[in-house]
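The values are calculated or read from the model by the stated rules, or taken from the named source; none is laboratory data. Only a predicted model underlies this, so the values are computations on that prediction, with no experimental measurement involved. FYI the Cβ positions are ideal-geometry reconstructions off the backbone, even for glycines, and counts take in every protein chain you see.
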Amino acid sequence: MAEFQLGMEIHSHTDYDPQDWIEHSAEELIDEVARQGINILAITCHRALQWSSQLKGYAEAAGVLLIPAVEASIEGKDVLIYGLETFTHPMSFDQLRELRRQNPAILTIAPHPFFPSSSCLGDRLFLHQDCFDAIEYCHFYTGWVNFNQKAVTAGRKLNKPLVGTSDIHFLTQVGKTTSTVRVSEKTFAAVSAAIKAGQLELHTNPLTLTELILQLLRMLWMNLKGALLRGLFARRAVPE
């Protein structure tokens with residue numbers, strides 16, 4: 001049976017996101033992913049599932065497998081869930097366990113678990129380790145400061161694979177940190193099974209200090225602009 005090596009970007013945000021003020025559309029993101037030769041994309045807006053047959057078809061026409069996904073907030077912590085075509089917020093970790101039991105193909109990843117934010121899992125990753133199939137290695141680090149190091153240690157301790165993502169908020173972040181997955185077919189079921197089995201390779205390079213500072217400034221501006229404009233223009237309300 002033939003085996004494919006497929007590049008993935010499976011943590012990304014678009015202008016559909018109710019929390020962050022993102023400027024690019026889903027179609028623009030798909031176009032950039034396809035331009036870089038990346039084969040698999042998941043749009044993971046905060047607490048909002050952006051998914052439709054039309055968007056799936058647009059991605060297919062560009063040669064990209066679009067996986068339905070969401071960055072859920074579960075008991076105040078960020079959790080990436082893949083394979084759901086409908087999603088209702090809020091959800092508890094016990095509800096996530098039941099969802100995974102009923103839908104074994106679902107993939108769950110712990111995003112940036114040890115970054116310095118109250119929404120990151122931290123040590124709750126160990127408390128709820130049965131809820132996760134893999135751990136994210138996020139692109140936002142330098143050679144001197146790397147909060148992913150704890151994720152590497154946790155992955156070894158828990159025997160869970162690392163999945164590289166760019167946590168895309170700007171199109172310039174596409175391709176910064178990715179993973180290549182080995183599958184026999186280009187389907188979500190095959191990708192999910194391969195990630196769970198650790199059949200993937202991490203591709204990443206640290207940001208330079210200049211890149212880090214520029215990204216921080218851009219994120220601060222994005223958040224400020226979002227706070228100023230959210231009341232002036234119709235945007236999806238943030239689910240509580």
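Here is the figure for region 167-195: residues that are under 30 Å from E23 (Cα atoms) and either part of a strand (DSSP E or B) or in contact with a Cys (Cβ under 8 Å, 6 or more places away or on another chain) (or both) total 7.
Against the test of being within 16 Å of the chain's Cα centre (by Cα), at negative phi and without any contact (Cβ under 8 Å) to a residue 60 or more places away in the chain, the options A190, A151 yield a single qualifying residue, A151.
For region 15-31, check the following and say yes or no: at least one residue is touching a Cys at 6+ places or on another chain (Cβ under 8 Å), closer than 22 Å to A189 by Cβ, hydroxyl-bearing (S, T, Y) and surrounded by 13 or more Cβ atoms within 10 Å (Cβ to Cβ). There is no residue in region 15-31 that is touching a Cys at 6+ places or on another chain (Cβ under 8 Å), closer than 22 Å to A189 by Cβ, hydroxyl-bearing (S, T, Y) and surrounded by 13 or more Cβ atoms within 10 Å (Cβ to Cβ). Taking the criterion of being crowded, with 20+ Cβ neighbours inside 10 Å and assigned to a helix (DSSP H, G or I), the residues of region 33-59 that qualify are V33, A59. Taken across region 60-75, residues that are surrounded by fewer than 19 Cβ atoms within 10 Å (Cβ to Cβ), in contact with a strand residue (DSSP E or B) (Cβ under 9 Å, 6 or more places away or on another chain) and not in a helix (DSSP H, G or I) do occur, with at least one present. Restricting the first member to region 206-234 and to residues that are basic (K, R), and the second to residues that are at pLDDT 80 or above, the beta-carbon pairs closer than 7 Å and six or more apart or on different chains are R218/F170; K225/W21. The residues of region 56-95 that are in contact with an Asp or Glu (Cβ under 8 Å, 6 or more places away or on another chain) and closer than 17 Å to K186 by Cβ, listed by number, are Y58, A62, L66, P68.
Working only within region 32-47, note down all residues that are farther than 23 Å from A190 by Cβ and either touching a residue at least 24 places away in the same chain (Cβ under 8 Å) or among the aliphatic types (A, V, I, L, M) (or both). It would help to see each step written out before you state the result.
Of region 32-47, the ones farther than 23 Å from A190 by Cβ are 32, 35, 45-47.
Listed by number, the residues that qualify are E32, C45, H46, R47.
Show the residue pairs that are 6+ apart or on different chains and have beta-carbon atoms under 6 Å apart, the first residue being within region 102-121 and touching a residue at least 60 places away in the same chain (Cβ under 8 Å) and closer than 15 Å to T44 by Cβ, the second being surrounded by 17 or more Cβ atoms within 10 Å (Cβ to Cβ) and among the hydroxyl-bearing types (S, T, Y). Close Cβ pairs (under 6 Å, with a partner that is surrounded by 17 or more Cβ atoms within 10 Å (Cβ to Cβ) and among the hydroxyl-bearing types (S, T, Y)) amount to L107/Y82; L107/S192. What are the residues in region 198-220 that are among the charged types (D, E, K, R) and assigned to a strand (DSSP E or B), if any? Matches in region 198-220: E201 only.
Quick one: in region 154-166, of everything that is assigned to a loop (DSSP other than H, G, I, E, B) and within 19 Å of I10 (Cβ to Cβ), which residue is nearest to the chain's Cα centre (by Cα)? Lay out the reasoning, then the answer.
Just the residues of region 154-166 that are assigned to a loop (DSSP other than H, G, I, E, B), to begin with: 159-161, 166.
Next, only the ones that are within 19 Å of I10 (Cβ to Cβ) stay: 160-161, 166.
Values: K160: 16, P161: 15, S166: 8 Å.
Within region 154-166, the match that is nearest to the chain's Cα centre (by Cα) is S166.
So that you can scan it fast, the table gives a plain yes or no per residue for (1) of a type in the set (A, V, I, L, M); (2) at pLDDT 95 or above; (3) surrounded by fewer than 19 Cβ atoms within 10 Å (Cβ to Cβ):
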position: L162; (1), (2), (3): yes, yes, no
position: S166; (1), (2), (3): no, yes, no
position: T178; (1), (2), (3): no, yes, no
position: R182; (1), (2), (3): no, yes, yes
position: L214; (1), (2), (3): yes, no, yes
position: R218; (1), (2), (3): no, no, yes
position: A227; (1), (2), (3): yes, no, yes
position: A234; (1), (2), (3): yes, no, yes
